[in-house]
1. Take the residues in region 167-199 that are charged (D, E, K, R) and within 27 Å of the chain's Cα centre (by Cα), then tell me which one is surrounded by the most Cβ atoms within 10 Å (Cβ to Cβ).
2. Only one of (1) surrounded by 21 or more Cβ atoms within 10 Å (Cβ to Cβ); (2) farther than 28 Å from residue 258 by Cα; (3) over 22 Å from the mean Cα position of the chain (by Cα) is not met by residue 349, so which one is it?
3. Looking at 4, 33, 52, 26, which is the one that is over 18 Å from the mean Cα position of the chain (by Cα) and closer than 19 Å to residue 247 by Cβ?
4. Given the options 301, 297, name the one that is without any contact (Cβ under 8 Å) to a residue 60 or more places away in the chain and under 23 Å from the mean Cα position of the chain (by Cα).
5. Tell me which residues, restricted to region 17-45, are in a loop (DSSP other than H, G, I, E, B) and in contact with an Asp or Glu (Cβ under 6 Å, 6 or more places away or on another chain).
6. Go through region 46-57 and give me each residue that's in a loop (DSSP other than H, G, I, E, B) and of a type in the set (Asp, Glu).
7. Would you be able to tell me the number of residues in region 200-235 that are surrounded by fewer than 24 Cβ atoms within 10 Å (Cβ to Cβ) and part of a loop (DSSP other than H, G, I, E, B)?
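The values are calculated or read from the model by the stated rules, or taken from the named source; none is laboratory data. This one's a predicted model, so the numbers in the text were calculated from it and none came from an experiment. Positions of Cβ are backbone-derived with ideal geometry, glycine not excepted, and every protein chain shown enters the neighbour counts.
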Amino acid sequence: MNVLFASFEAVPFAKTGGLGDVAGSLPAALNALGHDVRVFMPRYRVIPAGLLDGAEFLFSASVNIGGVEKYAGISRLVRGGVTYYFLDNEEHFGGDGVYGYGDAGAEQSVFFCRALLELLPRLDFAPEILHCNDWQTALIPAMLRRQYPERPLKTVLTIHNLQYQGIYGMDRIRYLTGLPDDCFAPGWGSLEFYGAADLLKGGIVYADAVNTVSPTYARETLTPAYGEKLEGVLASRGAAYCGILNGLDCGLYDPRTSRRIPANFSSRRMAGKAACRRALLDEFGLAAEGVPVISVVSRLVDQKGLDLVAGCIENVLRDGAATLVVLGSGDPSYERFFDGLARRFPRRVGAWIGFNAELADRVYAGSDLFLMPSRFEPCGLSQLIAMKFGAVPLVRETGGLSDTVTSYNEVTGRGNGFSFAPYAAADLEFTLRRAISFYTDRPDVWRTLIARCMKKDFSWTASARRYGELYAGLTSAGGPAASSI
């Protein structure tokens with residue numbers, strides 16, 4: 001299959017969340033299966049120097065947005081066996097970050113989608129499928145269907161987080177896109193959303209197939225608790241909506257070969273894990289004699305269940321039962337909480353407010369227990385990375401966390417981590433103390449859990465095959481592939 005993967009992020013060029021990891025690794029995995037998947041993304045000014053060395057300028061053109069002609073330059077770069085097309089426009093992609101906010105975000109999205117469709121015939125590539133990702137590219141299916149009906153292309157929309165939908169004023173989006181009035185009429189079959197225009201909803205309605213990034217999250221989004229007011233729209237897609245679990249670039253997160261950790265190790269040779277642990281404690285000036293090192297590597301936002309952590313972690317620290325290392329940034333209230341925690345428990349808590357990819361790997365490799373008690377989690381990659389680096393996960397049973405972590409059962413001996421279901425600090429504390437008891441009292445069980453985590457296959461191979469089946473279903477007479485939810 002020839003597929004053009006439209007994304008605002010792709011590692012290593014740009015990343016603010018899981019989308020960047022997916023767009024940076026899934027196309028390569030699909031190409032390894034024989035497909036030709038290429039990536040179309042913005043050429044941001046903030047792309048690190050050197051990453052675009054060797055990029056070849058192809059052509060420039062003018063793209064009309066809301067009656068205004070705007071410059072669009074296209075360059076091409078092959079990296080890791082994947083061809084990338086970069087869309088250049090200083091107004092929309094020349095800022096200090098990746099995403100625009102307010103009206104700037106709307107214009108950025110409309111420009112990207114229009115430029116892709118307008119310039120597609122001039123690329124040296126003829127895709128059969130346009131694979132869109134999140135609300136920033138979700139206008140492509142609607143534009144294709146209503147403004148380019150002569151093009152026999154199929155569209156897939158992947159929702160990486162339903163909470164982010166791209167909701168703007170109706171008149172603004174109508175003006176920028178030029179879409180016909182019926183695209184904004186009230187009802188499930190349009191962009192209309194409580195009197196506004198919802199770009200993600202438009203993608204859900206007009207795409208030939210829609211998926212999200214884990215089977216459990218797909219089921220959850222069909223309920224009012226997780227559906228973000230779009231559960232009815234998603235349910236209306238029937239078998240055209242499914243969940244496909246994200247994979248992981250296991251070569252990038254391999255403790256046997258990584259150069260970003262103090263010592264290498266494997267599930268059979270764990271001396272390097274102990275060395276990474278000692279190095280992490282030294283780096284933060286911490287002590288952890290006989291107790292586990294717990295890590296949190298996360299955006300510091302409500303979604304990640306940090307209110308639960310705040311509600312119970314001091315009890316555990318006061319008992320001297322664990323040491324905590326936190327890496328992340330986000331909500332200032334959580335930044336202040338963890339910063340203050342580190343000052344109150346200087347030998348028990350280390351906090352780095354910000355983000356550093358190399359430090360993140362050192363934290364994963366040096367910790368014993370990884371904490372991710374999310375309120376909701378479409379898939380989650382942090383728990384997968386933690387497991388590859390031998391940190392046993394403790395998660396809440398939701399979304400992709402349920403699909404990747406099975407709570408240890410001392411009766412059957414099965415499981416690869418610890419989990420709890422009710423969204424309550426007391427349940428998190430109970431489960432945390434249970435995990436700590438196995439670390440301190442049952443080292444044989446703990447070694448087994450580490451080995452299971454490290455040996456579990458989180459590669460993209462199986463999930464890439466599912467995407468291949470989804471693509472094949474769209475181009476066959478039978479329509480979209482059967483739903484897995």
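1. 198
2. Here residue 349 clears every test but (2).
3. Just a single option satisfies the conditions, and that option is 33.
4. Step by step, each of 301, 297 is checked, and only 301 is without any contact (Cβ under 8 Å) to a residue 60 or more places away in the chain and under 23 Å from the mean Cα position of the chain (by Cα).
5. 43
6. Answer for region 46-57, where residues must be in a loop (DSSP other than H, G, I, E, B) and of a type in the set (Asp, Glu): just 53.
7. Going through region 200-235 one residue at a time, the tally reaches 10.
Yes/no per residue for (1) closer than 21 Å to residue 381 by Cβ; (2) outside any helix (DSSP H, G or I); (3) at pLDDT 95 or above:
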site: 280; (1), (2), (3): yes, no, yes
site: 291; (1), (2), (3): no, yes, yes
site: 294; (1), (2), (3): yes, yes, yes
site: 317; (1), (2), (3): no, no, yes
site: 321; (1), (2), (3): no, yes, yes
site: 327; (1), (2), (3): yes, yes, yes
site: 340; (1), (2), (3): no, no, yes
site: 350; (1), (2), (3): no, yes, yes
